[in-house]
Each structure stands twice: as structure tokens, then as C-alpha cells.
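Accompanying notes for the structure given below.
The values are calculated or read from the model by the stated rules, or taken from the named source; none is laboratory data. Remember, it's a predicted structure, so these values are computed and weren't measured experimentally. As a convention, Cβ positions derive from the backbone with ideal geometry for all residues, glycine included, and neighbour counts pool all protein chains shown. To get the accessible areas, we keep the full protein, side chains included, count just its heavy atoms, and leave off ligands, DNA and RNA. Shrake-Rupley method; radii C 1.70, N 1.55, O 1.52, S 1.80 Å.
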Amino acid sequence: MDRRTYLITGAASGVGASTARQLENDGHRVIGVDLRDTEIIADLATPDGRAQMAVEAQQLAGDGLDGVIACAGVLQETELAVRVNFFGAVSTIEATRALLANAEAPRAVVVSSATAIVPRIDELVEACLALDEEEATAIAERESSDYYPGNSRIYASTKYALSRWVKTTAVDSDWAGAGILLNAVAPCGIESPMSDPYRSEELDEMARGASAIGQPFVKPADVASALRWLASPANSLLVGQTLYTDGGFEAKARPDTL
């Protein structure tokens, strides 16, 4: 297997850290991005942080990147979710496209969420898709509240918008037309430091019932395996897809929707 170079955001913990470990165990090079303990320290919630990430990625990547995996995200019902989950992810993918362009089998993947199918805020989704960060954050500030399972309209809106952005962007001439395959994964609840504060026996039982395989929360390594495959040359045909890595949550919730 040829050694590839990957850039992974959110690489200090959770799915990002698990993905980095799997790729490094395969012999690949990983350039991590996070708020701590990674090669690039950058705050993707801010334009300055995103610009810093782009500059340092260019410096560290040298001849370029073979894959980019945008895992960074926050589980909140505030404007921070808009800045990180949507605009941080989109900026990561767009800022690194030129570094992918000369690779033999370039791949890009973002982490969406199975909660993209639950009720959301339509005007927030449209502001995100219009790439109007000022308007999107203003809507989120107006609608902000405390996050808890069952109250995730802002979070769900950012992830739904991200999956839609992937579907429409992936088929462009700059992406699929240039041989760069762009896709998303959409996990359900993940066992991670981000979700641990909301875990309870009652929530686990509800999640177990929503899963087709009776698994309440998915493990970071399982999601990482899907990301690793989507970001590899083995994925030669998937373009613009959101792959639900959720134990059947989405299939049970909307069986009549393709």
C-alpha cells in the first residue's frame, strides 16, 4: 500500500483521534488539526483560525495531500455549532482542495450526523447554504438554547446543511470533475467526550430502541473505519453521498425515503 498523507480536523479526540490512529497504524502520515495536542493548533470557529489552518497545512503538506477528513464539531445549540460544524468544515474542505488536486486518488470526507433527519430550522439551513455566516450565526443566536437530546434544532440544521452542501458541491468540475471524491458520514450518537455529559440509562435505552441492531451509541473506531474507507483509493465511485453509520437509525426512522 502506498503511503498517503491525510489532514484530519478534530484529531485530538473522539472520531478524529480514532481515524488518525487507524491511518497511522496503516503506515500513513496524518497532519492533525485541533485546539490542542495536534500538529496544527487552530480554532475553526473563526475566520482567522481557518486561515491559519490553511497556511500551516500548505507548509506541512509539502507536495500536497491525498485525503482531507473534517471531523471537528461541537454538540451545542448555539452559534458556535454554526461556526464549527458547517462553516469550519466547509472552509477546511475548500481551503485544502488545491493541496488535493495533484494527488493520484484524492479524497475528502466530512462528518455530518444522523440527526440531520430530525426537525431543523429551515432559514438557518438556507443561510448556511448561501454561505452567509453572518446571517446564519444571527439566526442561531436568536434560536439558541441549552442542548439536550431531543433539543437539537441548531445542531441538526448545521449537519443537514453540510450534507446538502456535499451533495451539490461534490459533482462540480473542481471536485468530481478533477477526480476529487467528496462524501460524508452521518453517525448517530457516538461514545465520546462530547456526548458523555448527556449519557444516562434512560437515554441509552431510548437510543437502543431507535437502533436497528440494538446498539445505543456507536464507537469512534466504527465511524473511523468508514471514514478511512471513504478517504482511500478503494472508494472509487461514491460521490456526494452521506453514508449513515448509525446502526440503522435513519433506515428505521424514514423507511420510505431513499
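Observations on the structure shown:
- In the stretch 104-120, the residues that are assigned to a loop (DSSP other than H, G, I, E, B) reach residues that are among the aromatic types (Phe, Trp, Tyr) with C-beta atoms within less than 7 angstrom, at least six apart or across chains, in these pairs: ARG120/TYR160.
- Restricting attention to the stretch 113-145 and to residues that are under 21 Å from ASN183 (Cα atoms) and open to solvent by 10 Å² or more (accessible area, probe 1.4 Å), the residue that is nearest to the chain's Cα centre (by Cα) turns out to be THR115.
- ALA72 being open to solvent by 20 Å² or more (accessible area, probe 1.4 Å) and not in a loop (DSSP other than H, G, I, E, B): no
- If you go through the stretch 33-44 and keep only what is crowded, with 20+ Cβ neighbours inside 10 Å and closer than 25 Å to ALA140 by Cβ, you end up with VAL33, ASP34, ALA42, LEU44.
- For the criterion of being under 23 Å from SER232 (Cα atoms), crowded, with 22+ Cβ neighbours inside 10 Å and within 14 Å of the chain's Cα centre (by Cα), SER13 fails.
- If you go through the stretch 16-46 and keep only what is without any contact (Cβ under 8 Å) to a residue 40 or more places away in the chain, part of a strand (DSSP E or B) and within 17 Å of the chain's Cα centre (by Cα), you end up with VAL30, ILE31, GLY32, ASP34.
- Residue in the stretch 86-93 that is of a type outside the set (Phe, Trp, Tyr) and more than 21 Å from VAL15 (Cα to Cα) present: no
- The set of residues in the stretch 98-146 that are out of contact with any Leu (no Cβ under 9 Å at 6 or more places or on another chain), closer than 30 Å to LEU65 by Cβ and hydrophobic (A, V, I, L, M, F, W, C) comprises ALA98, ALA101, ALA114, VAL125, ALA127, LEU129, ALA130, LEU131.
- Flag for ALA184 being modelled with pLDDT of 80 or more, small (Gly, Ala, Ser), surrounded by fewer than 20 Cβ atoms within 10 Å (Cβ to Cβ) and touching a strand residue (DSSP E or B) at 6+ places or on another chain (Cβ under 8 Å): no
- Count - residues of the stretch 146-178 that are closer than 15 Å to GLU94 by Cα, in a loop (DSSP other than H, G, I, E, B) and either of a type outside the set (S, T, N, Q) or open to solvent by less than 70 Å² (accessible area, probe 1.4 Å) (or both): 4
- For the stretch 215-258, taking the residues that are assigned to a loop (DSSP other than H, G, I, E, B) and of a type in the set (Val, Ile, Thr), the one that is surrounded by the fewest Cβ atoms within 10 Å (Cβ to Cβ) is identified as THR257.
- Filtered residues of the stretch 115-143 (kept if small (Gly, Ala, Ser) and either in contact with a strand residue (DSSP E or B) (Cβ under 8 Å, 6 or more places away or on another chain) or more than 11 Å from VAL82 (Cα to Cα) (or both)): ALA116, ALA130
- Checked against the criterion of being surrounded by fewer than 21 Cβ atoms within 10 Å (Cβ to Cβ) and outside any loop (DSSP other than H, G, I, E, B), the candidates GLY49, GLY64, GLY88 yield just one match: GLY49.
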